[in-house]
Amino acid sequence: MSLTILGFLSLGVVVGLFLPSAVAEVLSSASTWMLLILIFSVGIDLGVNKEVFAQIRRLGLKILLVPFGVVAGSIFGGLVGALILQDPILDGAVIASGLGWYSLPGIMITDAGRPILGTTTFLANCFREVISFVTIPLIAVHLNHYTAIAPPGAAAMDTSLPVVRANTDAETAVVSFVSGATCTIVVPILIGALLG
Amino acid sequence: MTMIIVAIGLGFVVGLSDILGERILKLNGKFQNVCLMLLILFMGIGIGGNPEVTGALGTLGGKALLYAILSVLGAVSCVYAITKVFFKKELSSKN
């Protein structure tokens, strides 16, 4: 599946480069609606699998260990990046705190008077989404299902949720939704705190 | 976020209510696959057609890519370690 995803994504990027920007914008907003329909369809899937929620209830609060790992691991990666690139250490943490959500953090940071850091955060989290699409299927097979939730971070509740569902099972899709929603709540708090 | 929660909630209620037959549910699975590929294509178009992205790629692209790779690697290693310690039982039935 990774190769198919990579193929469609690259095709899209190339088409996007040559399309007039107005058309690209229309298609991009069409994708918002398509995402909602897709999420509705994933919801049906979860509702049909009635045993899933009993399993989730059994997991209880332990489920939050997954988003905790996503946040801690991402920030650690950002700190390592800052060390390698010799950037201010907090900048690395800020970029990684986007957790794959590119729109809001980029705007928050730019508004805080750091336009270059904002653009880097925006791009890094765009890349993170692309990397997620391609790596989720591989991680689901070679590591385990819950770990496949890690790459997309906050997007595990929306754009990447159908990819997680297609490569794992209904229970993992619910964990993915919970993890993504938790990350989505954490992102603005983290960025706000780090920017001081 | 509200729209996403409404969409998944509505779908969930429809699924739970058992009003859809076996055949429609099978179609739902196929529909998801087709829709997913279209969505990914459209998202690619959104990325390629966004001058903010393409304009900044040259100067900040390499740096941003390194940060993206490292934060994914960090998240994957951390969650993998957590699953090995805390979710052994749950995952033993999967892969």
Checklist outcome for this item: Cα-only Rg/Rh for the range A:1-136 with Kirkwood Rh rounds to 1.04
Next on the checklist: List the pairs from A:LYS62/B:LYS88; A:LYS50/B:LYS30; A:LYS50/B:LYS84; B:LYS26/B:LYS88; A:LYS62/B:LYS89; A:LYS50/B:LYS26 whose alpha-carbon separation is above 23 Å, in the order I gave them.
Outcome noted: A:LYS50/B:LYS84; B:LYS26/B:LYS88
Item to check | Inter-chain shielding of A:155-162 (mean C-beta neighbours from other protein chains, 10 Å cut-off) | outcome: 3
Checklist entry - Once you treat every alpha carbon in the protein assembly as shown as an equal point and sum by Debye, what is log10 I(q)/I(0) at q = 0.08, 0.13 Å⁻¹? => result -0.32, -0.86
Checklist outcome for this item: Computed over the range A:79-165, the relative contact order (Cα-Cα under 8 Å, seq sep at least six) in percent reads 24 percent
Item to check | 1.4 Å probe accessible area per residue over the range A:1-93, in Å² | outcome: 52 Å²
Item to check | CD proxy at 222 nm, helix term only [per DSSP H run n ≥ 4: -39500 (n - 2.57); per residue of the protein assembly as shown; nearest 500] | outcome: -27500 deg cm²/dmol
Next on the checklist: On C-alpha positions alone, give me the angle between the axis of helix B:2-16 and the longest principal axis of chain B, in degrees, nearest 10.
Outcome noted: 30 degrees
Checklist entry - What translational diffusion coefficient, in µm²/s and rounded to a whole number, does the Stokes-Einstein relation yield for the range A:72-196 at 25 °C and a viscosity of 0.890 mPa s, taking the hydrodynamic radius as the Kirkwood radius over Cα pairs? => result 170 µm²/s
Checklist outcome for this item: the range A:1-57 and the range B:1-63 have their Cα centres apart by a whole-number Å value of 2 Å
Checklist entry - Ignoring ligands, DNA and RNA, how much accessible area is buried between chains A and B, both sides summed, with a 1.4 Å probe, to the nearest 100 Å²? => result 6900 Å²
Item to check | Heavy-atom accessible area ranking, 1.4 Å probe, most first, across A:ARG57, A:ARG128, A:ARG165, A:ARG114 | outcome: A:ARG57, A:ARG114, A:ARG165, A:ARG128
Next on the checklist: In whole Hz and in residue order, list the ³J(HN,Hα) couplings for the range B:74-88 that follow from phi through the Karplus curve 6.51 cos²θ - 1.76 cosθ + 1.60, θ = phi - 60°; x for Gly and Pro.
Outcome noted: x, 5, 5, 4, 5, 5, 4, 4, 4, 5, 5, 8, 9, 10, 4
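The values are calculated or read from the model by the stated rules, or taken from the named source; none is laboratory data. Note that this is a predicted model, so its numbers are computed, not measured. Glycine gets a Cβ as well: all are built from the backbone with ideal geometry, and neighbour counts include every protein chain shown. The area values use the complete protein model at the heavy-atom level, side chains included, leaving out ligands, DNA and RNA. Shrake-Rupley method; radii C 1.70, N 1.55, O 1.52, S 1.80 Å.
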